[in-house]
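Take a look at the structure set out below.
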Amino acid sequence: MRLKLLFAFALLMWGSVAIAQRIQVVDTDGLPIPAVCVTDENGAIIGTTDNDGWLADAKGKSPLYFSHTAFKSKNLYQSDIVDSKVVLEDVSYDLAEVTVKPKELLYVQTYFRCIYVSDDGPIYFRAGVIDNTYEYAKKKLSAKTKSVSKGANGFYRFIISTLVGRHIDGWAKLDTTNLYKKVTRLADRGKLTISEDASGRRIVSDSVSALGFIEEDMNTNFRTTSFDQFTYIDRIEAAKELEKSKKKGKEPKEKKKKYREGENGYYEICRFNEDGYSGIGDMIMKQVLSKGHFESSDEDYILLLETFTTDINYIDKKDFKHTRKDNAVDMNILELRQFEKAHNIPELAPNLKAAVDKLFEKELKKKM
């Protein structure tokens, strides 16, 4: 009898361990937040939230750190989480209105930071300031970047630092077409559908499932667009492969997906006017998050890229030469942190900040 009880207890314990510890992250209105990066106290990956705000499994970790560009970071012990829900507060972030004047250029200064996080924590960090200019006569958008970067030791880390790093600068620059325009154009062409849910959010879906949402705040004239572009690209490529196979009369090859569904995404907040238009100078902030796997080292990784608009003005070319000269000074990590404070950029979660400081440990000691 005792043996049976012990066996039953062991099964019960095994069952409790096997159950995934799911957590949903929502905003103060109770709406789910996708693409929240969840890490442990060392900055190592736990996971990211899906389109419905769910973290698939907390993996028994405690405390948990929650990070997202548009929300204040939060750290909680699992014992403090009630009903599997975590609420994040909006970041209070705004730009002064700029009166349009007859000048040659629209100048938009942006600040970006990018973190590669592996199973062991952050292995690469890059941050900097970008001078974006749009020349009205030529309808040309150009940009100049000043950045600081640091990779952890090891050959693979060196490869990230030298080869990938310079591309990050390009991803962080402004685009003539914002995310909202890209999504609505695809909907206009019948590639996506946009439908309103009970909360008033417009849900963006393809033929398989929901891939994001559009939300508009009429009080602030801020528009939030979230879209899992990586999953969408995977599905498009799979559909093309299937079409090719049908034409050749062959069985389609099972193509490996580059990205994991529900664990990637673009998230962008822009201003819009009474006609619903958002221009080049209307971006407030954006986040790019991608989760993948390094085949060579058998490690998971998260790439988290955040971009914030810090200044906007209408200037002529003569003014811009002076602006470029003033901004030409390279920054170190401490100066970047001071820049963040001066421009009300939300701080990194404490665990990620401490891990990034470790990458710059030698430089920080010199400056102290």
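For the reader, a short list of remarks on this structure follows.
- Extreme residue, surrounded by the fewest Cβ atoms within 10 Å (Cβ to Cβ), among residues of the stretch 61-86 that are β-branched (Val, Ile, Thr) and in a strand (DSSP E or B): 82
- Condition check for residue 181 on (1) closer than 24 Å to residue 310 by Cβ; (2) in a loop (DSSP other than H, G, I, E, B): one failure, at (2).
- Some residue of the stretch 62-72 being of a type in the set (Lys, Arg), outside the structural domain of residue 344 (by TED's automatic domain parsing) and over 15 Å from the mean Cα position of the chain (by Cα): no
- Apart from one condition, residue 258 fits all of (1) surrounded by fewer than 18 Cβ atoms within 10 Å (Cβ to Cβ); (2) at pLDDT below 75; (3) within 15 Å of the chain's Cα centre (by Cα); the exception is (3).
- Reported count of residues in the stretch 27-46, each being under 19 Å from residue 116 (Cβ atoms) and within 13 Å of the chain's Cα centre (by Cα), is 4.
- Residues located in the stretch 25-49, provided they are touching a helix residue (DSSP H, G or I) at 6+ places or on another chain (Cβ under 6 Å) and surrounded by fewer than 20 Cβ atoms within 10 Å (Cβ to Cβ): 41
- Qualifying positions in the stretch 174-183 - out of contact with any Phe, Trp or Tyr (no Cβ under 7 Å at 6 or more places or on another chain) and either of a type in the set (A, V, I, L, M, F, W, C) or surrounded by fewer than 18 Cβ atoms within 10 Å (Cβ to Cβ) (or both): 174, 175, 176, 177, 181, 182
- Meets criteria (surrounded by fewer than 14 Cβ atoms within 10 Å (Cβ to Cβ), touching a helix residue (DSSP H, G or I) at 6+ places or on another chain (Cβ under 9 Å), outside any helix (DSSP H, G or I) and not hydrophobic (A, V, I, L, M, F, W, C)) for residue 145: no
- Out of 115, 160, sole residue that is closer than 15 Å to residue 360 by Cα and either modelled with pLDDT under 80 or aliphatic (A, V, I, L, M) (or both): 115
- The residues of the stretch 341-360 that are surrounded by 15 or more Cβ atoms within 10 Å (Cβ to Cβ), assigned to a loop (DSSP other than H, G, I, E, B) and under 20 Å from the mean Cα position of the chain (by Cα), listed by number, are 343, 345, 346, 348, 349.
- Among the residues listed as 193, 176, the single one being farther than 26 Å from residue 32 by Cβ and in contact with a helix residue (DSSP H, G or I) (Cβ under 7 Å, 6 or more places away or on another chain): 176
- Those residues of the stretch 291-315 which are in contact with a strand residue (DSSP E or B) (Cβ under 7 Å, 6 or more places away or on another chain) and either surrounded by 21 or more Cβ atoms within 10 Å (Cβ to Cβ) or in a loop (DSSP other than H, G, I, E, B) (or both), in sequence order: 291, 302, 304, 306, 307, 308, 309
For every residue, the table says whether it meets (1) within 14 Å of residue 302 (Cα to Cα); (2) surrounded by fewer than 21 Cβ atoms within 10 Å (Cβ to Cβ).
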{"residue": "104", "(1), (2)": "no, yes"}
{"residue": "111", "(1), (2)": "no, no"}
{"residue": "116", "(1), (2)": "yes, no"}
{"residue": "121", "(1), (2)": "yes, no"}
{"residue": "125", "(1), (2)": "yes, no"}
{"residue": "128", "(1), (2)": "no, no"}
{"residue": "135", "(1), (2)": "no, yes"}
{"residue": "141", "(1), (2)": "no, yes"}
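- Residue selection: residue 58 satisfies the criterion of being closer than 20 Å to residue 304 by Cα, more than 19 Å from the chain's Cα centre (by Cα) and surrounded by 15 or more Cβ atoms within 10 Å (Cβ to Cβ).
- Every residue from the stretch 261-298 that is modelled with pLDDT under 75, of a type in the set (Asp, Glu) and touching a helix residue (DSSP H, G or I) at 6+ places or on another chain (Cβ under 9 Å): 261, 263
The values are calculated or read from the model by the stated rules, or taken from the named source; none is laboratory data. Everything quoted here is computed from the prediction, not taken from an experiment. We place every Cβ from the backbone using ideal geometry, glycine too, and count neighbours over all the protein chains shown.
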